[in-house]
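In what follows, a single structure is set out as structure tokens and then discussed.
The values are calculated or read from the model by the stated rules, or taken from the named source; none is laboratory data. Here the structure is a predicted model, which means the values were calculated and not measured. Note: ideal-geometry Cβ built from the backbone for every residue, glycine included; neighbour counts use all protein chains shown.
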Amino acid sequence: MKNPIFLPGPVEPRYVKHLTFEGIAVDEAGKQHFLDPRVSFRQACLNAMAYLQKLGYTKEQAYMLLSAVPCEGRINNIVDVPNSCCSIGIPAEIFDFDILPKRQGELESKPRGSLATHTKM
């Protein structure tokens, strides 16, 4: 064998309910990237960040959330020419309010605190 295999240890808590966002291999400019899962996963993350911003998080806060929480990233499909499809699931149980989609315009959007941002010197 060239690559290692491993059995992860028990990591708690385990979350059951994930709000999942998908992305396909089409970038922000509309350019098709043939079966590129990197572009698909980036689009899934950008979709999740846009949704979190609708809930009142800043772009930086949304980025930090995706970086810090136990998200579930997956390659869903890489054979459906020309697109690949990836998804990222955010555990809904980590929030102290309901993040699930509601009817149009019914999202609970309010400021979610502050986060240190980069300043120019």
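For the range 110-119, the criterion of a residue being assigned to a loop (DSSP other than H, G, I, E, B) and at pLDDT 90 or above is satisfied by no position. Name the residues in the range 75-90 that are more than 9 Å from the chain's Cα centre (by Cα) and either modelled with pLDDT of 95 or more or of a type in the set (A, V, I, L, M, F, W, C) (or both), would you? Scanning the range 75-90 gives I75, I78, V79, V81, C85, C86.
Candidates in the range 23-45 are the residues that are within 19 Å of the chain's Cα centre (by Cα) and surrounded by fewer than 17 Cβ atoms within 10 Å (Cβ to Cβ); of these, the one that is nearest to G89 (Cα to Cα) is R38.
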